[in-house]
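All remarks here apply to the structure that follows.
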Amino acid sequence: MSSKYHVVLSGVSKAYAKQFAVNNVDIQLKAGECVALAGHNGAGKSTIIKLILGLIHPTQGKVQLLGHDVSSRSAAQIRGQIGYLPETVALHPSLTGAETLAFYAKLKKQPLANNPGLLSRVGIAQAAKRRVGTYSKGMRQRLALAQALLGNPQVLLFDEPTTGLDPASRQMFYEIVSELRNQGSTVLLSTHALAELDGQADRIIVMKNGSKIADGSMSELRQQSGLPIRIRIAL
Ligand code: ATP
């Protein structure tokens, strides 16, 4: 595989019992690209993210991440190159922001000293010593984003990162996405909020019932017929 691609899914299917959550999907993400995964609830977006992370394994097909088959032993070497922001992040309310980040750094074997200023980068340095239980939803999401950025990963996977966020936190999130792209990291994010991606995403992949039904720039998708009505409106 060419190193031009950070993530490659080839003919990937994932079935639960006899139901296909993802069905014969091909996806290629170039280094430095920001790509959005769109689709209704249950379309298969989170399943694709979990397949790329290697949290679940394909029923058919192959997932490659930074040149490694994610189900191979050699994939362990690249775990530190991946940042993941799940749809809901479990943060302990009695830990402070700084303690939470230190906990994740330990988990990821990433010395905090190598990650200076992460809480400032996400705009919550002033709350570093406050317990997370006192944080707003926006602040918790910023802290969750900080843990995803630990170690300056080459590939970032964000599952509905801006859902329910206040406008300032959303703007900060996209500023960070823009910085990540400038430094050559690859970003894949699942979202229902396509309109806010204008100028942010290079491409949008539209999923429906586990299949990829469209893959193109925002303007290409606006010209495309046959997309689900809610996707058309969101564009
Ligand atoms: P949402 O926007 O609601 O998060 P999604 O596009 O991320 O939806 P997935 O979570 O990937 O969709 O789910 C795709 C399909 O797979 C759904 O029908 C879901 O019910 C099913 N599914 C996902 N995980 C499991 C599981 N662990 N066991 C059984 N079925 C599952």
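The values are calculated or read from the model by the stated rules, or taken from the named source; none is laboratory data. Model, not experiment: these values are computed from the prediction. Quick reminder, even Gly has a Cβ in these numbers, built from the backbone with ideal geometry, and neighbours come from all protein chains shown.
For residue 28, indicate whether it is touching a strand residue (DSSP E or B) at 6+ places or on another chain (Cβ under 7 Å), without any contact (Cβ under 8 Å) to a residue 24 or more places away in the chain, away from the ligand (no atom under 16 Å from the Cβ) and under 25 Å from residue 177 (Cβ atoms). The answer is yes for residue 28.
Provide a single number: the residues in the stretch 209-228 that are touching a strand residue (DSSP E or B) at 6+ places or on another chain (Cβ under 7 Å) and farther than 15 Å from residue 45 by Cα. Spell out the reasoning first.
Filtering the stretch 209-228 for residues touching a strand residue (DSSP E or B) at 6+ places or on another chain (Cβ under 7 Å) gives 210-218, 221, 224, 227-228.
Next cut, farther than 15 Å from residue 45 by Cα only: 216-218, 221, 224, 227-228.
Count: 7.
Okay, residues lined up against (1) crowded, with 18+ Cβ neighbours inside 10 Å; (2) within 23 Å of residue 46 (Cβ to Cβ); (3) not charged (D, E, K, R):
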site	(1), (2), (3)
127	yes, no, yes
140	yes, yes, no
157	yes, yes, yes
161	yes, yes, yes
175	no, no, no
179	no, no, no
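Output the residue which, of all residues in the stretch 163-211 that are closer than 20 Å to residue 53 by Cα and hydroxyl-bearing (Ser, Thr, Tyr), is farthest from the ligand (Cβ to nearest atom). Per the stated criteria, the residue is 185.
Restricting attention to the stretch 1-43, and to residues there that are under 21 Å from residue 228 (Cβ atoms), of a type outside the set (A, V, I, L, M, F, W, C) and modelled with pLDDT under 95, which single residue is farthest from the chain's Cα centre (by Cα)? Out of the qualifying residues, it is 19. Name the single residue, out of those in the stretch 48-73 being part of a loop (DSSP other than H, G, I, E, B) and in contact with a strand residue (DSSP E or B) (Cβ under 7 Å, 6 or more places away or on another chain), that is nearest to residue 18 (Cα to Cα). By that ranking, first place goes to 59.
Working only within the stretch 74-105, note down all residues that are part of a helix (DSSP H, G or I) and either more than 16 Å from residue 145 (Cα to Cα) or within 18 Å of the chain's Cα centre (by Cα) (or both).
Initially, the stretch 74-105 is screened for residues part of a helix (DSSP H, G or I), giving 74-81, 97-105.
The answer is 74, 75, 76, 77, 78, 79, 80, 81, 104.
From the residues in the stretch 1-25 that are of a type outside the set (Gly, Ala, Ser) and over 24 Å from residue 79 (Cβ atoms), which one is farthest from the ligand (Cβ to nearest atom)? Only one residue tops the list, namely 24.
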